[in-house]
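Remarks on the structure that follows.
What follows is calculated from the coordinates using simple rules that are stated; it is not laboratory data. Quick caveat: nothing in here was measured; it's all calculated off a predicted structure. Cβ coordinates were reconstructed from backbone atoms using ideal geometry, including for glycine residues, and neighbour counts include every protein chain displayed.
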Amino acid sequence: MFRRILQTGGWLALALGLVLQLWLKDRHMVLALVFYALPKPCLAGLALLLFRLGRGWRRMMAATAFVMISGWWIAASWSSGNVAVSAPARIDANKTAEEVTILYWNLCRPRGLDRQAVELVESLKPDIAAFVEPGPNVGELLDEYEQLLPGYRASWMPRGILWLSRLPSRHRVRGKLDDMGAFARFEVNLPGGAFPMVVADVHPGLWRPRLHQLDEVLQHSLGRADAVLAGDFNTPLESVFFEPYRARLTNVLEAAGRGFRETWPCGLPLLSLDQVWAGADWQVLEARKIWRLTGSDHAALYVRLRRR
């Protein structure tokens, strides 16, 4: 009896997950949490479980569902990349005045200075490093970050955004997103002209749609074709809320990443929560996903852009 109940519940969950992924997505708040909890990899795992539990034609159906969902997920998520350069040494050698390199990472609230973040900045030498959830005492650690990373100027925004830049830049505006999340907009100077960069940490509210926070982040790009948006959007790329983004911006991992685009959790490709979006004025030369599993359950993103 327990086996039959488990199978029935599993098939109902699989059917609901497929309907959400194919059609409804997160349009309705009531079903949005189910949509977020049942991404394609989870649906494939559920089909595999039903295969193990099933017999006869149900086992055949589960096997077919597993193969089809797995193929669908890989086709949608896997990218072979459009990487112009891969080695950090070559990146610095080939870099032009119209290029900018950006490192973004959710640090998951370290108690003190984040040594892995420092090591990543030292190895990649990005022009800009933007971190969300940098820890409760980050404001007291700015001098230490600057001492460990000569050439970088550190600043922080209340509610948890750490900014390190070796380019001339200044903070323009900061605040809450829909009274829950956090954002900060900076103006970054390149020889070809200044561009806006928005760093966001969208709050995963259980009973409020993330649409309003995502819309606010997009509004802070000021409609500029040279804007760059980076952050933990806490919303998978399959969401209907990213349709306005896709009309004006390019997701860097989709454009030039290698491997699965999902960035959470702990090396498992389940949800693409961490994202960098670049306006139409930018060509995405490189986009890398980097895991440091002992420090954060999110992947870091390294991006190289060139002004068109």
Mean separation of Cα pairs under 8 Å and 6+ residues apart, divided by the residue count of the stretch 2-79: what relative contact order is that in percent? 26 percent
Applying the gyration tensor rule to the Cα atoms of the stretch 2-79 (axes a ≥ b ≥ c; rounded if a/c under 1.5, else prolate if a/b exceeds b/c, else oblate), the class is oblate
Restricted to pairs 8 or more residues apart or on different chains, the lysines in the chain with C-alpha atoms under 29 Å apart form a number of pairs equal to 8
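When Rg is the radius of gyration of the Cα atoms in the chain and Rh is its Kirkwood radius, what does Rg/Rh come to?
Details: Rg = 20.7 Å, Rh = 20.4 Å.
Rounded to two decimals, Rg over Rh is 1.01.
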In degrees from 0 to 90, rounded to the nearest 10, what is the angle of the helix 40-53 Cα long axis to the longest principal axis of the chain? 30 degrees
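How high is the relative contact order of the chain, given as a whole-number percent (alpha carbon pairs under 8 Å, six or more residues apart)? If you can, show how the numbers build up before the last one.
Details: 624 pairs, mean separation 53.9, N = 308.
With pairs under 8 Å counted, the relative contact order is 18 percent.
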Per-residue HN-Hα couplings for the stretch 187-202 [Karplus 6.51, -1.76, 1.60; θ = phi - 60°; Hz; x = Gly/Pro]: 10, 10, 9, 10, x, x, x, 6, 9, x, 10, 10, 10, 10, 10, 6
With axes computed from alpha carbons, what is the tilt in degrees of helix 2-19 against the longest principal axis of the chain, rounded to the nearest 10 within 0 to 90? 50 degrees
In nm, give the distance between the simple-model label positions of V67 and R4, each being 7 Å from the Cα along the Cα-to-Cβ direction. 3.0 nm
Between helix 56-77 and the chain, what is the angle of the helix's C-alpha long axis to the longest principal axis, kept within 0 to 90° and rounded to the nearest 10? 20 degrees
Protection proxy ranking of 212-224, 2-14 - average other beta-carbon atoms within 10 Å, highest first: 212-224, 2-14
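If you average 1/r over every pair of different alpha-carbon atoms in the stretch 229-308 and take one over that average, what Kirkwood value in Å do you get? Mind showing how you got there, number by number?
On the way: mean 1/r = 0.0781 Å⁻¹.
Averaging 1/r across every pair of different Cα atoms and inverting gives 12.8 Å.
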